[in-house]
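Beneath this line is the structure, given in structure tokens, with notes to follow.
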Amino acid sequence: MTTTATTIGQVDWEARRGKQESMLAMTWRRFRRHKPAMMGLGIISIIILGCVFAPLILGFDQYNLPLAVRRQPPSLEHPFGTDELGRDLLMRIWVGGRVSLSIGVSAMLVSILIGTIVGSTAGFYGGWTDNILMRFSDFLLSIPHLFALLLAAQIVRTMNIPELSGGPLPIIIIIGILSWMGASRMVRGQFLALKVKEFIDAARVSGARNSRIMFRHILPNAVSPIIVSATLHIGNAIITESTLSFLGFGVQPPMPSWGNMLKTAQSQMTYAPWVAIFPGLMILLTVISINYIGDGLRDALDPRHVG
Amino acid sequence: MTRYILRRLLQAIPLLLAISIAVFALMQAIPGGPLAAYENNPNIMPEDLERLKDELGLNVPVHLQYFNWLTALLRGDWGTSLVTQRPTLVEIGERLPNTLYLSIIAFVIALAISIPIGIISAVRQYSWFDHVMTTIAFMGHSIPVFWFGLILIIIFNVTIKNPFTGGPLLPGGGMYTIGATASLEDRLTHLILPASLLVIHNLSGHVRYMRAGMLDVLLQDYIRTAHAKGLKERAVILKHALKNAVLPLVTIIGLEIPGLFNGALLTEVIFSWPGMGRLFFNSIERADYAVMMGVLMMSATLIIAFGLITDVVYAFLDPRIRFE
């Protein structure tokens, strides 16, 4: 008697692990066929390695200002030239990349988390819950994003909390809470489609509570589009951070980010254009790689999606 | 059609009210309130501050403040800029035409370019033209707008010189040369760079939706029928396919209207264009509350109005909508 019960209740982890690996392997096999995505993966790996290791290996002291070599055009010694305080631009880009990339990933986590919670609640419960949540998201979508971001940044700034001002944390939160709407719609759509499936009825009959159905039964089935959307969110968050920092409402110097490097570059474009060119090129390269990876993931994870 | 427009107009009122409440609440959320700038000013005594608060109606309960603000707004009293001491409505009135002038020209050019590109891309799917265009559209989606503006300035203002005068090829900012006599040429040369930036900002999305819409329509049965009737390819595409293929583009334009304001803000800040986006940016920098609220309300109204226009265009293109 007990033996049968355990056989039925017990999960065959061996088989399941085998199946999962083949699932991953399948995704990877499909992903590898997408050439731009593979190239994006290569470029983003180089950028991440550079950001993590270049300052460690070559050493970086942001208060050492060799003013004698300021605003030097690109050369062998300084491949991207030097900035207005004589700092090597390439090294600043690596250090700034740490800030920009971590803000991009963290802001994505915040917005995907909010988007998933809002979207799954709206899609699962429907009715007036759905109505209120979706009207609210429509409302946020109808405000110009940048206006809302600037206003939020200004509110945080006037709060005047010394530990937070100029650092990355307020930017992460602001971007996160103002960019979840797309993700929430997508998750809601998934929930609407999945909640009428038979396996959900089966789960309900077997006595599963709502939260269990939502997060253990439906959500895992919606994980592929969430991963794709999360990837694209990173790229958008990086652009948003750089825009805010460029306008002076984001990360404040001396902490470098790709955006605030461009802010200082704007006033010296006429005689030191390289200071403006390279950080932006880095943003473009990063975001385009991330977006191509997202594209490749979409093709790899969703066989129905064409084009 | 008139009933449809009237119904949509009525639906806009609660939305505007909601936005006005949100704008008012946001202003309340800013610590210090509208007189924060005066609090650290040694020339202003605490009793003066109290008097100012009384005069501005800041000593009454919040809901009354909101009500007073809203009625004043409807009467056309949008407050006074703390920086220039001029009425907000005058400030906005000066800047709004400049923004519309720039944005509408850029918008029309972007449409005029993206519709043919989208059509050709779809009709010749997977040709080299399609590959180049989809790649460019993909890049346009990944490029930081403000940086591209800087690059335009570096190329056309800093690097390339005018072969006749030796000066910069194109001006890098402003709407016209200050002090010079007004001329069409001067206006146009100042328009080229900011308008190009906005066109590029809008282009990539439009091309993608036009292409996708066209690809969708080309698979429909009625297109095969049109071909079977022996119609010329050009007639099939321009007469039969285009009208339906353009629908997704109209939808996305409706959704992207708030995005146009983002583009306008960045373009105006980069090219020192005296428009409403830069007015908003400056008002935030200087904590000029009346102007900030004014621009927000004006933008919200414009967004709703343009949204209405796209809905009407949509209903005009797709009669099914009107009977919903």
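Per-residue answers, yes or no, for (1) without any contact (Cβ under 8 Å) to a residue 12 or more places away in the chain; (2) over 22 Å from the mean Cα position of the chain (by Cα); (3) over 15 Å from B:Leu26 (Cα atoms):
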residue: A:Ser137; (1), (2), (3): no, no, yes
residue: A:Leu149; (1), (2), (3): no, no, no
residue: A:Glu163; (1), (2), (3): yes, yes, yes
residue: A:Ser179; (1), (2), (3): no, no, yes
residue: A:Leu194; (1), (2), (3): no, yes, yes
residue: A:Ile200; (1), (2), (3): no, yes, yes
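Condition check ((1) out of contact with any Leu (no Cβ under 6 Å at 6 or more places or on another chain); (2) over 30 Å from B:Trp147 (Cβ atoms)) across all residues:
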site	(1), (2)
A:Lys197	yes, yes
A:Asp201	yes, yes
A:Ala237	yes, no
A:Gly250	no, no
A:Pro256	yes, no
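Sort through B:Arg211, B:Arg187 and tell me the only one that's within 12 Å of chain A (Cβ to nearest Cβ) and either surrounded by 18 or more Cβ atoms within 10 Å (Cβ to Cβ) or not β-branched (Val, Ile, Thr) (or both).
B:Arg211
Determine if region A:112-119 includes at least one residue that is of a type outside the set (Ser, Thr, Tyr), closer than 23 Å to B:Asn262 by Cα, crowded, with 18+ Cβ neighbours inside 10 Å and away from chain B (no Cβ under 14 Å).
Scanning region A:112-119, I find at least one residue that is of a type outside the set (Ser, Thr, Tyr), closer than 23 Å to B:Asn262 by Cα, crowded, with 18+ Cβ neighbours inside 10 Å and away from chain B (no Cβ under 14 Å), so the answer is yes.
For region A:211-227, state whether one or more residues are aliphatic (A, V, I, L, M), within 11 Å of another protein chain (Cβ to nearest Cβ), part of a helix (DSSP H, G or I) and in contact with a helix residue (DSSP H, G or I) (Cβ under 8 Å, 6 or more places away or on another chain).
No.
For region B:147-163, does any single residue satisfy the condition of being more than 23 Å from A:Leu284 (Cβ to Cβ), in contact (Cβ under 8 Å) with a residue 12 or more places away in the chain, in contact with a strand residue (DSSP E or B) (Cβ under 7 Å, 6 or more places away or on another chain) and within 14 Å of chain A (Cβ to nearest Cβ)?
No, region B:147-163 has no match at all.
Among the candidates A:Phe60, A:Phe80, A:Phe53, A:Phe31, single out the residue that is aromatic (Phe, Trp, Tyr), modelled with pLDDT of 80 or more and farther than 30 Å from A:Ser224 by Cβ.
Being aromatic (Phe, Trp, Tyr), modelled with pLDDT of 80 or more and farther than 30 Å from A:Ser224 by Cβ holds for just one of A:Phe60, A:Phe80, A:Phe53, A:Phe31, which is A:Phe53.
Is one or more of the residues making up region B:258-273 more than 27 Å from B:Tyr176 (Cα to Cα), in contact with a helix residue (DSSP H, G or I) (Cβ under 7 Å, 6 or more places away or on another chain) and away from every other protein chain (no Cβ under 11 Å)?
no
Just one of B:Thr165, B:Thr225, B:Thr135 is hydroxyl-bearing (Ser, Thr, Tyr), more than 30 Å from A:Gly259 (Cβ to Cβ) and not in a loop (DSSP other than H, G, I, E, B); which is it?
It is B:Thr225.
Every residue in region A:248-277 that is surrounded by 20 or more Cβ atoms within 10 Å (Cβ to Cβ) and either polar (S, T, N, Q) or under 23 Å from A:His233 (Cα atoms) (or both), please.
A:Phe249, A:Gly250, A:Val251, A:Pro256, A:Ser257, A:Trp258, A:Gly259, A:Asn260, A:Met261, A:Leu262 - these are the residues of region A:248-277 that are surrounded by 20 or more Cβ atoms within 10 Å (Cβ to Cβ) and either polar (S, T, N, Q) or under 23 Å from A:His233 (Cα atoms) (or both).
Of the residues in region A:203-235, how many are farther than 23 Å from A:Ile173 by Cα, in contact with a Leu (Cβ under 7 Å, 6 or more places away or on another chain) and of a type in the set (Ser, Thr, Tyr)?
Number satisfying all stated conditions: 1.
Restrict the check to region B:245-253 and report whether at least one residue is facing chain A (nearest Cβ under 10 Å), under 23 Å from B:His201 (Cα atoms) and touching a residue at least 12 places away in the same chain (Cβ under 8 Å).
Checked against the condition, which is being facing chain A (nearest Cβ under 10 Å), under 23 Å from B:His201 (Cα atoms) and touching a residue at least 12 places away in the same chain (Cβ under 8 Å), region B:245-253 yields no hits at all.
The values are calculated or read from the model by the stated rules, or taken from the named source; none is laboratory data. If you're wondering where the values come from, they're calculated on a predicted model, not measured in any experiment. When we count neighbours, we look across all protein chains shown, and the Cβ atoms used for this are built from the backbone with ideal geometry, even at glycine.
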